[in-house]
Amino acid sequence: MQTKYLVVGGGVAGTSAAETIRAKDKTSPIHIVSDEPYRFYSRIMLSKPSFFLGKVPFDSVFLKNEAWAQDNTITTTFGQRVVSLDTTKKVATLGNGDTISYEKLLLALGCDVCRWTIPGADKKGVHYLRTLDDAKGIIENVKGAKRAVVIGGGFIGFEMCDMLKLAGLDTTLIIREKYFWEPLLDEPSGRMIEKALQKGGVNIIYGTLVDEVTGKTAVEGVQLNTGTTLPTDMIIVGIGTRSTLDWVTKSGIACNRGVLTDEFLRTNEPDVYAAGDAAEYNDAILEEHIQFGNWANAQLQGKVAAENMMGGHRPFRHVSFYSAQGLGMSIVFAGDIRVLPDRTVVTRGTPASNGYTRIIIKDGEIEGATMINRTLDLQPIVKLIELNVKVEPYLKQLSDPSVDLKSIIPPTP
């Protein structure tokens, strides 16, 4: 097979790229290869209670109708992975042995979940949440379950605890850290989230690992490293994601945790671009390489990469943020929230007031922020990051929760 534009990945980055190309180029061949058997769907919806609890039609998860690809003369291959790539000959080989020659290539690979390797992890009733099939398995298990265990403190752990409690299940969260989301968040932030979880009826076990999943063929319980056995009907594991890049690295494309790109989303190989969760890109605003798994981020990267594949020269400039709501609280991350040695933190509000923001500053500029129950801080903080505003003169205002941060934003010339 031959194509002009080969897009590896059928998620939001890949689909947005294909749409952008077709809007400007009505005739050149476009080919999307996806390792999933489904047309484009919303990964955001997969973690939302409205979807899990059947409050919205199941088919609402699909964001394109079955005729979309044909109507736009886009070739699609579902249920196949690219297993090798020759960037010199510009040929990709699929798992079934088929080959696709291309002129321009976009790697919109997404990420895979980190999986358990403990004894019993393959039993029926152990779930992850990344794909539509994962969600289907959880929905089916929830119908007959009374008890559930969630592994890992993070967005997935938080959202799954919320969903399971709304479904009426006795829910236990097990984390290996001493508080929720350690060390990405500080302890006051983590305790705020825990308070909401516990108020919602979630039991939390700290500083603990699961040694084994018990049961014959299906989950019956978890054996903890403390010696305790906890009975359960299902387990949801949320211990992070990773990019599977062996075949990419072997092709000569530079990779770190993700596929390395410049601010134009170009890799080190000619005519090869990357976008979405697997792209570790040079952030044109923060001036550092970051990898950020986020729907809006991936959507815009797909558009920017497509424009550049067609001959454009547009840098990707966007302050990425991620939010979750549930259990009566909101959690928002914006920008790069790592508290590294060369960074300082200004806090805004207090856990006692049930509104707490942490602003991370490097070289006088805001790099990122975490906001718990202070979503009004998001828009001005994003703008301050975007404009690279030097905030040293405004530290008092930043730390005063009564000050509207919009007052710090310089006027537009």
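The values are calculated or read from the model by the stated rules, or taken from the named source; none is laboratory data. None of the values given here were measured: they were computed from a predicted structure. When we count neighbours, we look across all protein chains shown, and the Cβ atoms used for this are built from the backbone with ideal geometry, even at glycine.
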message = Under 6 Å between Cβ atoms, which residue pairs at least 6 apart in sequence (or on different chains) link something in the range 119-138 that is on the phi > 0 side of the Ramachandran plot with a partner that is β-branched (V, I, T)?
response = G120/V213; G125/V219
task = For the range 61-68, state whether one or more residues are closer than 30 Å to K26 by Cβ, in contact with a Pro (Cβ under 7 Å, 6 or more places away or on another chain), in the same structural domain as G302 (by TED's automatic domain parsing) and modelled with pLDDT of 95 or more.
result = no
message = Here is a check on your reading of the model: is A334 under 30 Å from S50 (Cα atoms) and either modelled with pLDDT of 95 or more or assigned by TED's automatic domain parsing to the domain that holds Y281 (or both)?
response = yes
message = Could you tell me how many of the residues in the range 76-92 are farther than 18 Å from Y5 by Cβ and either hydrophobic (A, V, I, L, M, F, W, C) or within 29 Å of the chain's Cα centre (by Cα) (or both)?
response = 4
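A quick yes/no check of all residues on (1) assigned to a loop (DSSP other than H, G, I, E, B); (2) within 23 Å of F158 (Cα to Cα); (3) in contact (Cβ under 8 Å) with a residue 40 or more places away in the chain; (4) in the same structural domain as F158 (by TED's automatic domain parsing):
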{"residue": "R191", "(1), (2), (3), (4)": "no, yes, yes, yes"}
{"residue": "A196", "(1), (2), (3), (4)": "no, yes, yes, yes"}
{"residue": "I204", "(1), (2), (3), (4)": "no, yes, no, yes"}
{"residue": "T208", "(1), (2), (3), (4)": "yes, yes, no, yes"}
{"residue": "D211", "(1), (2), (3), (4)": "no, yes, yes, yes"}
{"residue": "V222", "(1), (2), (3), (4)": "no, yes, yes, yes"}
{"residue": "T226", "(1), (2), (3), (4)": "yes, no, no, yes"}
{"residue": "L230", "(1), (2), (3), (4)": "no, yes, yes, yes"}
note = Flagged in the range 140-153 as touching a residue at least 12 places away in the same chain (Cβ under 8 Å) and either under 15 Å from R43 (Cβ atoms) or surrounded by fewer than 18 Cβ atoms within 10 Å (Cβ to Cβ) (or both), in numbering order, are G144, K146, R147
ask   = Quick one: would you say L164 is assigned to a loop (DSSP other than H, G, I, E, B) and either within 23 Å of the chain's Cα centre (by Cα) or at pLDDT below 95 (or both)?
value = no
ask   = Would you pick out the residues in the range 8-44 that are in contact with a Phe, Trp or Tyr (Cβ under 7 Å, 6 or more places away or on another chain), basic (K, R) and more than 15 Å from L63 (Cβ to Cβ)?
value = none
note = So the strands (runs of 3 or more DSSP E) completely within the range 311-413 holding 3 or more residues that are over 26 Å from K199 (Cα atoms) and under 25 Å from the mean Cα position of the chain (by Cα) are 355-362, 365-372
message = When the residues of the range 71-92 are narrowed to those that are out of contact with any Phe, Trp or Tyr (no Cβ under 9 Å at 6 or more places or on another chain) and farther than 14 Å from G10 by Cβ, which ends up surrounded by the most Cβ atoms within 10 Å (Cβ to Cβ)?
response = T87
inquiry  = Restricting to the range 1-27, name every residue that is under 21 Å from D98 (Cα atoms) and either in a strand (DSSP E or B) or not hydrophobic (A, V, I, L, M, F, W, C) (or both).
reply    = Q2, T3, K4, Y5, L6, V7, V8, G9, G10, G14
Flag for K216 being farther than 29 Å from F333 by Cβ and not β-branched (V, I, T) = yes
Of all residues in the range 215-237 being of a type in the set (V, I, T) and more than 30 Å from the chain's Cα centre (by Cα), the one that is surrounded by the most Cβ atoms within 10 Å (Cβ to Cβ) = T229
